[in-house]
Amino acid sequence: MSIRKSMLLCGLLLVAGCVQAGARHAPAQACSPARAEAADAMVDKLDDWAAVGRFFKAYRQSDDGYIAEGSSDAIAQLLARQWETLPKLQALIRQEPALRPFVLRHVNSTLDTDELDRIERNASESCPSGGASLCADLRQAAEQASK
């Protein structure tokens, strides 16, 4: 086989692999206007980790723009003001590991500096049993967002 054909074959295999990988990670449902409206309504009800878990399962594909900002605010409130509930988040993450990066992504620069400081302090000083890794990631996310 010529070098040119080998390069072409490699390129095609690379493209096929990317397409296949993209298909595995594509959201199950696109975010229609109706789903975005439902997601927006649910953001106002994210007052505990169970609700965050339900939102993640039902509407993660709609978690963008103003909806994501609302999600970030709700998650920050839980981490800053209801830190004692973190074991419930840990339990949900054990059941649904993809929830962890979702939560970490919402500890971001859209949050109030006081909330970020409180999240960082909670993660540094009050980490629950078995939560060292999650606390370290939350602390790092809050530090990065503060910069």
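Brief remarks on what is shown
- Unique residue being within 26 Å of Asp44 (Cβ to Cβ), in contact with a Gly (Cβ under 9 Å, 6 or more places away or on another chain) and in the same structural domain as Ala36 (by TED's automatic domain parsing) when the list is Gln95, Gln82: Gln95
- Residue selected from segment 39-69 under the condition in contact (Cβ under 8 Å) with a residue 24 or more places away in the chain and over 16 Å from the mean Cα position of the chain (by Cα), by the criterion surrounded by the most Cβ atoms within 10 Å (Cβ to Cβ): Asp40
- Pairing each residue of segment 100-125 that is closer than 21 Å to Phe56 by Cβ with any residue that is among the charged types (D, E, K, R) and in a helix (DSSP H, G or I), provided the two are 6+ apart or on different chains, yields C-beta distances under 7 Å for Phe102/Arg60; Leu104/Asp137; Thr110/Glu69; Ala123/Arg139.
- Take the conditions (1) more than 11 Å from the chain's Cα centre (by Cα); (2) part of a helix (DSSP H, G or I); (3) of a type in the set (Gly, Ala, Ser); Ser72 misses just one of them, which is (1).
The values are calculated or read from the model by the stated rules, or taken from the named source; none is laboratory data. All values derive from a computational prediction rather than experimental measurement. No Cβ is skipped: glycine too gets one built from the backbone with ideal geometry, and neighbour counts run over all protein chains shown.
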